[in-house]
1. For region 283-307, give me the residue count where each residue is under 30 Å from Ser55 (Cβ atoms) and crowded, with 16+ Cβ neighbours inside 10 Å.
2. Against the condition over 20 Å from Arg89 (Cβ atoms), touching a residue at least 40 places away in the same chain (Cβ under 8 Å), of a type in the set (A, V, I, L, M, F, W, C) and touching a strand residue (DSSP E or B) at 6+ places or on another chain (Cβ under 8 Å), how does Leu167 come out, does it pass?
3. Does Ser109 fit the bill of being more than 25 Å from Phe179 (Cβ to Cβ), surrounded by fewer than 18 Cβ atoms within 10 Å (Cβ to Cβ), without any contact (Cβ under 8 Å) to a residue 40 or more places away in the chain and among the hydroxyl-bearing types (Ser, Thr, Tyr)?
4. For region 253-281, what are the residues that are open to solvent by less than 30 Å² (accessible area, probe 1.4 Å) and over 18 Å from Pro69 (Cα atoms)?
5. How many residues, within region 210-241, are open to solvent by less than 50 Å² (accessible area, probe 1.4 Å) and in contact with a Leu (Cβ under 7 Å, 6 or more places away or on another chain)?
Amino acid sequence: MRAGALILITLAAPAVARDPLFGLPIDCDLSDTCYIQQFVDHDSSAGVIDFACGSITYDGHKGTDFALPSLAMQAQGVNVIAAAPGTVRGVRNDMVDILQGQAGAPDVSFKECGNGVVIDHGNGWETQYCHMAQGSVTVRSGDHVAMGQVLGQVGLSGQTQFPHVHLSVRHNGEVVDPFDPNDEATCGPSNTTLWIDTPPTPAGGLISTGFAPNVPEYTEVKAGTAGVVELDQSGNIVLWGFSFGVQSGDEMTFEIIGPSGPIFEHTETLTRDQAMVFRASGKRAPASGWDTGDYAGMVTLQRDGTELDRQVINVTVR
(Lines give C-alpha, C1' and ligand atoms only; values in the text may rest on other atoms or scores of the structure.)
Protein backbone atom coordinates (compact mmCIF):
# COMPACT_ATOMS: atom_id res chain seq x y z
CA MET A 1 0.00 0.00 0.00
CA ARG A 2 2.84 2.36 0.78
CA ALA A 3 6.20 2.92 -0.88
CA GLY A 4 9.07 4.53 0.95
CA ALA A 5 7.09 5.11 4.15
CA LEU A 6 9.02 6.18 7.23
CA ILE A 7 8.31 3.52 9.84
CA LEU A 8 9.64 2.57 13.22
CA ILE A 9 10.61 -1.09 13.44
CA THR A 10 11.91 -2.58 16.65
CA LEU A 11 14.04 -5.64 17.13
CA ALA A 12 13.15 -5.51 20.82
CA ALA A 13 12.98 -8.72 22.76
CA PRO A 14 9.58 -10.08 23.82
CA ALA A 15 8.34 -9.44 27.33
CA VAL A 16 9.25 -11.84 30.13
CA ALA A 17 8.69 -15.53 29.51
CA ARG A 18 5.48 -15.80 31.54
CA ASP A 19 3.72 -13.20 29.36
CA PRO A 20 1.85 -14.33 26.22
CA LEU A 21 3.15 -13.38 22.79
CA PHE A 22 0.80 -12.20 20.07
CA GLY A 23 0.56 -12.34 16.31
CA LEU A 24 -1.51 -10.00 14.17
CA PRO A 25 -5.30 -10.12 14.71
CA ILE A 26 -6.06 -9.58 11.02
CA ASP A 27 -5.22 -11.47 7.83
CA CYS A 28 -3.62 -8.67 5.79
CA ASP A 29 -0.23 -7.19 4.94
CA LEU A 30 0.57 -4.11 7.04
CA SER A 31 3.15 -3.01 4.48
CA ASP A 32 0.70 -3.16 1.59
CA THR A 33 -3.02 -3.78 2.10
CA CYS A 34 -3.80 -2.49 5.61
CA TYR A 35 -2.33 -0.25 8.29
CA ILE A 36 -2.49 0.69 11.97
CA GLN A 37 -4.84 3.64 12.42
CA GLN A 38 -4.73 4.12 16.21
CA PHE A 39 -2.62 2.99 19.17
CA VAL A 40 -3.36 2.81 22.91
CA ASP A 41 -3.62 6.19 24.64
CA HIS A 42 -0.99 6.41 27.41
CA ASP A 43 -2.16 9.80 28.75
CA SER A 44 -4.46 9.39 31.75
CA SER A 45 -5.58 13.03 31.50
CA ALA A 46 -7.68 14.67 28.79
CA GLY A 47 -4.64 14.74 26.49
CA VAL A 48 -3.46 11.98 24.15
CA ILE A 49 -0.11 10.29 23.62
CA ASP A 50 0.79 6.99 22.02
CA PHE A 51 3.73 4.75 22.96
CA ALA A 52 6.01 6.70 20.59
CA CYS A 53 5.04 10.05 22.16
CA GLY A 54 2.97 10.76 19.07
CA SER A 55 -0.71 11.49 18.60
CA ILE A 56 -1.89 8.46 16.61
CA THR A 57 -4.57 7.72 19.18
CA TYR A 58 -7.50 9.46 20.83
CA ASP A 59 -8.44 10.21 24.41
CA GLY A 60 -9.07 7.01 26.34
CA HIS A 61 -8.41 4.63 23.44
CA LYS A 62 -7.85 1.18 24.92
CA GLY A 63 -6.52 -0.84 22.01
CA THR A 64 -4.81 -0.98 18.63
CA ASP A 65 -6.86 -0.44 15.47
CA PHE A 66 -5.86 -2.46 12.40
CA ALA A 67 -7.60 -0.69 9.54
CA LEU A 68 -8.54 -1.42 5.94
CA PRO A 69 -8.06 1.29 3.27
CA SER A 70 -11.65 1.21 1.98
CA LEU A 71 -15.17 -0.09 2.47
CA ALA A 72 -14.75 -1.94 -0.81
CA MET A 73 -11.98 -4.07 0.67
CA GLN A 74 -14.07 -4.74 3.77
CA ALA A 75 -17.00 -5.84 1.59
CA GLN A 76 -14.75 -8.39 -0.15
CA GLY A 77 -14.12 -10.02 3.21
CA VAL A 78 -11.01 -9.82 5.41
CA ASN A 79 -10.54 -12.36 8.19
CA VAL A 80 -10.07 -11.52 11.86
CA ILE A 81 -7.78 -14.13 13.43
CA ALA A 82 -6.81 -15.14 16.94
CA ALA A 83 -3.64 -13.34 18.03
CA ALA A 84 -2.74 -16.14 20.47
CA PRO A 85 -4.13 -19.54 21.55
CA GLY A 86 -6.77 -19.60 24.24
CA THR A 87 -10.38 -20.27 25.19
CA VAL A 88 -13.28 -18.17 23.89
CA ARG A 89 -14.91 -16.42 26.86
CA GLY A 90 -17.55 -14.35 25.08
CA VAL A 91 -19.09 -13.66 21.67
CA ARG A 92 -21.46 -11.12 20.12
CA ASN A 93 -22.60 -11.66 16.53
CA ASP A 94 -25.96 -9.94 15.92
CA MET A 95 -25.28 -6.18 15.64
CA VAL A 96 -25.84 -4.49 12.27
CA ASP A 97 -22.96 -3.28 10.11
CA ILE A 98 -23.32 0.48 9.76
CA LEU A 99 -20.80 3.23 10.38
CA GLN A 100 -21.57 5.73 13.11
CA GLY A 101 -22.48 9.12 11.66
CA GLN A 102 -24.45 7.60 8.80
CA ALA A 103 -28.22 7.90 8.56
CA GLY A 104 -29.86 5.08 10.46
CA ALA A 105 -26.85 4.32 12.64
CA PRO A 106 -28.06 2.64 15.85
CA ASP A 107 -27.38 3.68 19.44
CA VAL A 108 -24.45 1.49 20.49
CA SER A 109 -24.19 2.65 24.10
CA PHE A 110 -22.65 -0.09 26.25
CA LYS A 111 -22.07 -2.11 23.05
CA GLU A 112 -19.37 0.07 21.51
CA CYS A 113 -17.30 -2.99 20.59
CA GLY A 114 -20.03 -4.18 18.25
CA ASN A 115 -19.76 -7.79 17.19
CA GLY A 116 -16.70 -9.37 18.71
CA VAL A 117 -14.87 -12.10 20.54
CA VAL A 118 -13.07 -12.26 23.90
CA ILE A 119 -10.35 -14.89 24.33
CA ASP A 120 -8.88 -16.01 27.67
CA HIS A 121 -5.16 -16.81 27.39
CA GLY A 122 -4.68 -17.85 31.01
CA ASN A 123 -2.86 -16.22 33.93
CA GLY A 124 -5.15 -13.19 33.79
CA TRP A 125 -4.47 -12.38 30.12
CA GLU A 126 -7.21 -11.83 27.55
CA THR A 127 -7.74 -10.25 24.14
CA GLN A 128 -10.86 -8.66 22.70
CA TYR A 129 -11.63 -8.25 18.98
CA CYS A 130 -14.20 -5.59 18.03
CA HIS A 131 -16.27 -4.28 15.09
CA MET A 132 -16.66 -7.61 13.32
CA ALA A 133 -19.22 -8.24 10.58
CA GLN A 134 -22.71 -9.28 11.57
CA GLY A 135 -23.13 -13.05 11.37
CA SER A 136 -19.45 -13.65 10.55
CA VAL A 137 -18.23 -14.89 13.95
CA THR A 138 -17.26 -18.55 13.61
CA VAL A 139 -16.53 -19.48 17.25
CA ARG A 140 -18.59 -19.99 20.39
CA SER A 141 -17.97 -19.50 24.10
CA GLY A 142 -15.93 -22.42 25.43
CA ASP A 143 -14.17 -23.13 22.13
CA HIS A 144 -10.41 -23.54 22.26
CA VAL A 145 -8.74 -21.62 19.44
CA ALA A 146 -5.24 -21.76 17.99
CA MET A 147 -3.13 -18.75 17.06
CA GLY A 148 -4.13 -17.65 13.56
CA GLN A 149 -7.52 -19.38 13.67
CA VAL A 150 -10.27 -17.44 11.89
CA LEU A 151 -12.69 -15.81 14.33
CA GLY A 152 -14.82 -13.95 11.76
CA GLN A 153 -14.45 -10.99 9.43
CA VAL A 154 -13.81 -7.25 9.69
CA GLY A 155 -17.13 -5.41 9.84
CA LEU A 156 -18.67 -2.04 10.61
CA SER A 157 -20.53 -2.81 13.84
CA GLY A 158 -20.40 -0.82 17.06
CA GLN A 159 -18.74 2.56 17.60
CA THR A 160 -16.69 2.85 14.43
CA GLN A 161 -16.33 5.26 11.53
CA PHE A 162 -13.98 3.22 9.34
CA PRO A 163 -13.48 -0.51 8.64
CA HIS A 164 -11.07 -2.06 11.14
CA VAL A 165 -10.59 -4.59 13.90
CA HIS A 166 -9.90 -3.14 17.32
CA LEU A 167 -7.63 -5.35 19.42
CA SER A 168 -7.58 -4.84 23.17
CA VAL A 169 -5.05 -6.67 25.35
CA ARG A 170 -5.77 -6.87 29.09
CA HIS A 171 -4.04 -8.38 32.12
CA ASN A 172 -6.17 -8.84 35.22
CA GLY A 173 -8.66 -6.43 33.70
CA GLU A 174 -6.13 -3.65 33.05
CA VAL A 175 -5.35 -2.43 29.53
CA VAL A 176 -1.87 -3.34 28.29
CA ASP A 177 -0.28 -1.81 25.20
CA PRO A 178 1.45 -4.67 23.34
CA PHE A 179 3.95 -2.15 21.94
CA ASP A 180 4.88 -0.95 25.44
CA PRO A 181 3.60 -3.45 28.02
CA ASN A 182 5.66 -1.98 30.85
CA ASP A 183 4.58 1.60 30.07
CA GLU A 184 8.21 2.67 29.81
CA ALA A 185 7.33 5.94 28.01
CA THR A 186 10.48 5.73 25.90
CA CYS A 187 8.99 7.76 23.03
CA GLY A 188 9.57 4.82 20.75
CA PRO A 189 9.27 1.05 20.63
CA SER A 190 9.73 -0.51 24.07
CA ASN A 191 12.69 -2.68 24.99
CA THR A 192 10.13 -5.43 25.50
CA THR A 193 6.94 -6.02 23.53
CA LEU A 194 4.17 -8.60 23.48
CA TRP A 195 4.53 -9.20 19.73
CA ILE A 196 6.17 -12.27 18.21
CA ASP A 197 7.25 -10.01 15.36
CA THR A 198 6.70 -6.35 16.19
CA PRO A 199 4.61 -4.74 13.42
CA PRO A 200 5.81 -1.61 11.63
CA THR A 201 4.50 1.50 13.39
CA PRO A 202 4.11 4.42 10.99
CA ALA A 203 4.18 7.99 12.19
CA GLY A 204 1.43 8.75 9.66
CA GLY A 205 1.00 7.94 5.98
CA LEU A 206 -1.12 7.59 2.87
CA ILE A 207 -4.09 5.25 2.85
CA SER A 208 -4.89 5.53 -0.85
CA THR A 209 -4.48 7.80 -3.88
CA GLY A 210 -6.11 8.12 -7.27
CA PHE A 211 -7.02 10.11 -10.36
CA ALA A 212 -10.47 11.55 -11.04
CA PRO A 213 -12.09 13.95 -13.54
CA ASN A 214 -13.19 16.21 -10.68
CA VAL A 215 -12.60 16.44 -6.93
CA PRO A 216 -14.38 13.33 -5.65
CA GLU A 217 -16.74 13.20 -2.71
CA TYR A 218 -15.15 12.16 0.58
CA THR A 219 -17.66 9.32 0.84
CA GLU A 220 -16.40 7.96 -2.50
CA VAL A 221 -12.79 8.11 -1.28
CA LYS A 222 -13.63 6.19 1.91
CA ALA A 223 -15.70 3.70 -0.05
CA GLY A 224 -12.81 2.99 -2.43
CA THR A 225 -14.76 4.04 -5.55
CA ALA A 226 -13.20 7.46 -6.27
CA GLY A 227 -10.32 6.41 -8.53
CA VAL A 228 -10.53 5.96 -12.31
CA VAL A 229 -8.18 4.30 -14.79
CA GLU A 230 -9.11 6.46 -17.80
CA LEU A 231 -9.74 10.19 -18.34
CA ASP A 232 -11.11 12.20 -21.24
CA GLN A 233 -8.71 14.23 -23.37
CA SER A 234 -10.78 17.40 -22.93
CA GLY A 235 -11.57 17.02 -19.23
CA ASN A 236 -9.90 17.89 -15.94
CA ILE A 237 -7.10 15.89 -14.38
CA VAL A 238 -7.42 15.67 -10.59
CA LEU A 239 -5.03 13.77 -8.31
CA TRP A 240 -6.22 13.00 -4.76
CA GLY A 241 -4.70 11.58 -1.60
CA PHE A 242 -6.26 10.06 1.52
CA SER A 243 -3.96 10.02 4.55
CA PHE A 244 -3.94 9.15 8.27
CA GLY A 245 -2.20 10.38 11.39
CA VAL A 246 -1.45 13.84 9.98
CA GLN A 247 -0.17 16.70 12.11
CA SER A 248 -0.38 20.45 11.73
CA GLY A 249 2.42 21.55 9.42
CA ASP A 250 2.59 18.31 7.43
CA GLU A 251 2.86 18.86 3.68
CA MET A 252 1.05 16.91 0.97
CA THR A 253 2.53 17.29 -2.50
CA PHE A 254 0.78 16.36 -5.77
CA GLU A 255 2.79 15.81 -8.95
CA ILE A 256 1.48 14.78 -12.39
CA ILE A 257 3.71 13.71 -15.28
CA GLY A 258 2.29 13.32 -18.78
CA PRO A 259 3.64 11.64 -21.91
CA SER A 260 5.75 14.74 -22.69
CA GLY A 261 6.91 15.47 -19.15
CA PRO A 262 5.74 17.21 -15.94
CA ILE A 263 2.45 19.11 -16.22
CA PHE A 264 1.56 19.93 -12.62
CA GLU A 265 2.95 20.20 -9.08
CA HIS A 266 1.29 21.58 -5.97
CA THR A 267 2.10 21.41 -2.25
CA GLU A 268 -0.51 21.97 0.44
CA THR A 269 0.35 22.53 4.09
CA LEU A 270 -2.09 20.85 6.47
CA THR A 271 -3.23 23.11 9.28
CA ARG A 272 -4.36 20.77 12.06
CA ASP A 273 -3.92 17.33 13.56
CA GLN A 274 -6.38 14.85 12.07
CA ALA A 275 -6.87 11.09 12.27
CA MET A 276 -7.79 11.07 8.56
CA VAL A 277 -7.63 13.74 5.89
CA PHE A 278 -8.48 13.88 2.19
CA ARG A 279 -6.99 16.43 -0.22
CA ALA A 280 -7.03 16.83 -4.01
CA SER A 281 -5.41 19.05 -6.61
CA GLY A 282 -5.31 19.18 -10.38
CA LYS A 283 -5.56 21.15 -13.58
CA ARG A 284 -8.06 22.01 -16.30
CA ALA A 285 -7.40 20.76 -19.81
CA PRO A 286 -5.67 23.18 -22.22
CA ALA A 287 -7.69 24.43 -25.17
CA SER A 288 -6.12 21.81 -27.42
CA GLY A 289 -6.81 19.04 -24.90
CA TRP A 290 -4.39 16.77 -23.11
CA ASP A 291 -1.94 14.60 -25.01
CA THR A 292 -3.26 11.08 -25.18
CA GLY A 293 -1.30 8.39 -23.44
CA ASP A 294 -0.26 7.33 -19.95
CA TYR A 295 0.05 9.78 -17.05
CA ALA A 296 1.68 9.17 -13.66
CA GLY A 297 0.66 10.84 -10.42
CA MET A 298 2.72 10.94 -7.24
CA VAL A 299 1.39 11.98 -3.84
CA THR A 300 3.93 12.58 -1.07
CA LEU A 301 3.36 13.23 2.63
CA GLN A 302 6.18 15.02 4.47
CA ARG A 303 6.76 16.11 8.06
CA ASP A 304 9.52 18.56 8.99
CA GLY A 305 11.25 17.89 5.70
CA THR A 306 11.17 14.10 6.12
CA GLU A 307 9.13 11.95 3.77
CA LEU A 308 6.58 9.87 5.67
CA ASP A 309 5.01 8.20 2.68
CA ARG A 310 4.71 8.24 -1.10
CA GLN A 311 2.32 6.59 -3.54
CA VAL A 312 2.45 6.51 -7.34
CA ILE A 313 -0.69 5.96 -9.43
CA ASN A 314 -1.30 5.80 -13.19
CA VAL A 315 -4.11 6.81 -15.53
CA THR A 316 -4.63 6.74 -19.30
CA VAL A 317 -5.96 9.74 -21.25
CA ARG A 318 -7.89 8.86 -24.40
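1. At the first step, the residues of region 283-307 found to be under 30 Å from Ser55 (Cβ atoms) are 297-307.
Now drop any that are not crowded, with 16+ Cβ neighbours inside 10 Å, which leaves 297-303.
Count: 7.
2. Details: over 20 Å from Arg89 (Cβ atoms): no; touching a residue at least 40 places away in the same chain (Cβ under 8 Å): yes; of a type in the set (A, V, I, L, M, F, W, C): yes; touching a strand residue (DSSP E or B) at 6+ places or on another chain (Cβ under 8 Å): yes.
No; evaluated as a whole, the condition is false for this residue.
3. Working: more than 25 Å from Phe179 (Cβ to Cβ): yes; surrounded by fewer than 18 Cβ atoms within 10 Å (Cβ to Cβ): yes; without any contact (Cβ under 8 Å) to a residue 40 or more places away in the chain: yes; among the hydroxyl-bearing types (Ser, Thr, Tyr): yes.
Against the criterion (more than 25 Å from Phe179 (Cβ to Cβ), surrounded by fewer than 18 Cβ atoms within 10 Å (Cβ to Cβ), without any contact (Cβ under 8 Å) to a residue 40 or more places away in the chain and among the hydroxyl-bearing types (Ser, Thr, Tyr)), Ser109 qualifies.
4. Of everything in region 253-281, those that are open to solvent by less than 30 Å² (accessible area, probe 1.4 Å) and over 18 Å from Pro69 (Cα atoms) turn out to be Thr253, Phe254, Ile256, Gly258, Gly261, Leu270, Ser281.
5. Residues that pass the stated criteria total 5.
The rows are residues; the columns are (1) in a strand (DSSP E or B); (2) within 20 Å of the chain's Cα centre (by Cα); (3) crowded, with 20+ Cβ neighbours inside 10 Å.
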position: Glu126; (1), (2), (3): yes, no, yes
position: Gln134; (1), (2), (3): no, no, no
position: Thr138; (1), (2), (3): no, no, no
position: Gly142; (1), (2), (3): no, no, no
position: Leu156; (1), (2), (3): no, yes, yes
position: Thr160; (1), (2), (3): no, yes, yes
position: Val169; (1), (2), (3): yes, yes, yes
position: Pro178; (1), (2), (3): no, yes, yes
position: Asp183; (1), (2), (3): no, no, no
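The values are calculated or read from the model by the stated rules, or taken from the named source; none is laboratory data. These numbers come from a predicted model, not from an experiment. Neighbour counts run over all protein chains shown; Cβ positions are idealised from the backbone, glycine included. Accessible surface is based on the protein model in full, side chains and every heavy atom, while ligands, DNA and RNA are left aside. Shrake-Rupley method; radii C 1.70, N 1.55, O 1.52, S 1.80 Å.
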